[in-house]
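Okay, so here's the structure we're looking at.
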Amino acid sequence: MIKVVLLGAGNVATHLFNAFDEAKNISIEQVFSRKESSLTSFEKKTAVTTSLENLKEADVYILAVKDDAVKNVIEKIQYKNGLIVHTSGSVPLLKSAKNNGVFYPLQTFSKNTAVDFSKIPLCIEADIDENLALLHQLANSISNSVYEISSEQRKSLHLSAVFVCNFVNHLYSIGEDLCQENKVPFEILHPLILETARKASVNSPASVQTGPAVRNDQKTIDFHLAQLNKADYSKIYTLLTDSIQQKNG
Ligand SMILES: NC(=O)c1ccc[n+]([C@@H]2O[C@H](COP(=O)([O-])OP(=O)(O)OC[C@H]3O[C@@H](n4cnc5c(N)ncnc54)[C@H](OP(=O)(O)O)[C@@H]3O)[C@@H](O)[C@H]2O)c1
């Protein structure tokens, strides 16, 4: 049985809790959060605390706190003997701390949107082989997709994720605005969104690029730019058009 203490009560902590709760070989010993009010959904199932000085014994302490707080929390719980890991894509392995690692789930999590953890890639890293072996065991208990990824690799993976997830989602949101302005239901675009994502995941995305930019259909591009009435949307359109054209010669 692997004993786990979860630190944080937000999006990632909630989904990790649910996944660990279903795994037969993992016992969630405690959940920590600064605010008592954040712990109400956990306290019926396990022990909870608002004090970092009051953590129970565990094999692994998993920090699912905001990136800026990771270093500080790791330093405060150095009195514990277990392995301490964080779940951030952008924070490197903390070399100064003992028994330190990373348990980064490469997915977008919102508290109230269910996920199938078995399909979520888990990127693990640890200071020593023994800790890495423990993380393999923990990760394999909830996911079928486990990768050893170094801090250096994780930096570029996180940057890629910002492009393929956060930026793409912002573009969806612009698409939704344009639909709303013209009283077109955004759902009409759902099959296009899904097919674009499907194609990009079974091909090199550059090889399946379509649209006026890659065709160099200048009249259509000018027509689109004339329709955009927000300066930042026009800038994004021009920047992406130029980038597509440069990439495709
Ligand atoms: N959401 C995602 O899609 C995603 C995906 C992969 C990895 N991650 C990583 O997972 C971690 C958590 O992200 P999240 O989306 O779960 O964030 P979140 O929902 O905003 O939750 C953040 C948690 O951090 C706690 N916190 C904030 N400042 C703190 C401090 N100074 N000391 C202790 N706890 C503090 C918050 O507690 P309070 O309520 O007390 O403020 C809250 O429980 C981050 O490192 C993030 O990069 C997120």
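Dipole size of the chain about its Cα centre, with +1 on Lys/Arg Cβ and -1 on Asp/Glu Cβ: approximately 120 debye, rounded to the nearest 20. Working note: Karplus 6.51/-1.76/1.60 with θ = phi - 60° gives the range 22-35 the couplings 7, 6, 6, 9, 10, 10, 7, 7, 5, 10, 10, 8, 5, 9 Hz, where Gly and Pro are set to x.
Equivalent-ellipsoid semi-axes for the chain (Cα gyration tensor, √(5λ), whole Å, largest first): 42, 20, 17. For the range 2-149, the share of alpha carbon pairs falling in successive 10 Å distance bins from zero is 12, 47, 37, 4 percent. Here's the picture: charge each Lys and Arg Cβ at +1 and each Asp and Glu Cβ at -1 in the range 2-149, and of H86, Q30, V4 the one pushed furthest to the positive end of that dipole is Q30. Mean residue ellipticity, 222 nm, helices only, the chain: the sum of -39500 (n - 2.57) across DSSP H runs of n ≥ 4, divided by residue count and rounded to 500, is -12500 deg cm²/dmol.
Database remark: amide H of L93 closer than 5 angstrom to the amide H of S151 (H placed geometrically; neighbours at sequence offset of 5 or more, or on other chains; Pro and chain starts carry no H). Each DSSP beta bridge with both residues in the chain is either parallel or antiparallel, and the antiparallel ones are about 20%.
Backbone geometry of the range 60-65 corresponds, through the Karplus equation with coefficients 6.51, -1.76 and 1.60 at θ = phi - 60°, to 3J(HN,Hα) couplings of 9, 9, 10, 8, 10, 10 Hz, x marking Gly and Pro. Could you give me the percent of Cα pairs per 10 Å distance bin for the range 52-128, shortest bin first, beginning at zero and ending with the bin that holds the maximum distance? Over the range 52-128, the share of Cα pairs per 10 Å bin runs 18, 50, 28, 5 percent.
Projecting the alpha carbon convex hull of the range 1-50 along each direction and taking the average yields 3.0 nm².
Restricted to Cα atoms, the range 154-247 shows a radius of gyration and a Dmax of 14.3, 42 angstrom.
Couplings 3J(HN,Hα) of the range 111-126, computed from phi: 3, 9, 10, 5, 10, 9, 5, 5, 9, 8, x, 10, 9, 10, 7, 8 Hz, in residue order, whole Hz [Karplus 6.51 cos²θ - 1.76 cosθ + 1.60, θ = phi - 60°; x for Gly and Pro].
Of interest is the spacing of the C-alpha centroids, which for the range 105-183 and the range 186-227 amounts to 24 Å.
Please get the size of the charge dipole for the range 2-149, origin at its Cα centre, with Cβ charges of +1 on Lys and Arg and -1 on Asp and Glu, quoted in debye to the nearest 20.
In total the dipole reaches around 360 debye.
For every other residue with a beta carbon closer than 11 angstrom to the beta carbon of L63, add +1 if it is Lys or Arg and -1 if Asp or Glu, then tell me the sum.
Local charge sum for L63: +2.
Quick one: angle between helix 168-181 and the longest Cα principal axis of the chain, in degrees between 0 and 90, rounded to 10, please. The two axes meet at around 50 degrees.
Here, each number is a calculation from the coordinates, and none is a lab measurement. Keep in mind that what you see is a predicted model, and the values were worked out from it rather than measured. Neighbour counts are summed over all protein chains in view; Cβ atoms, including those assigned to glycine, are modelled from backbone coordinates with ideal geometry.
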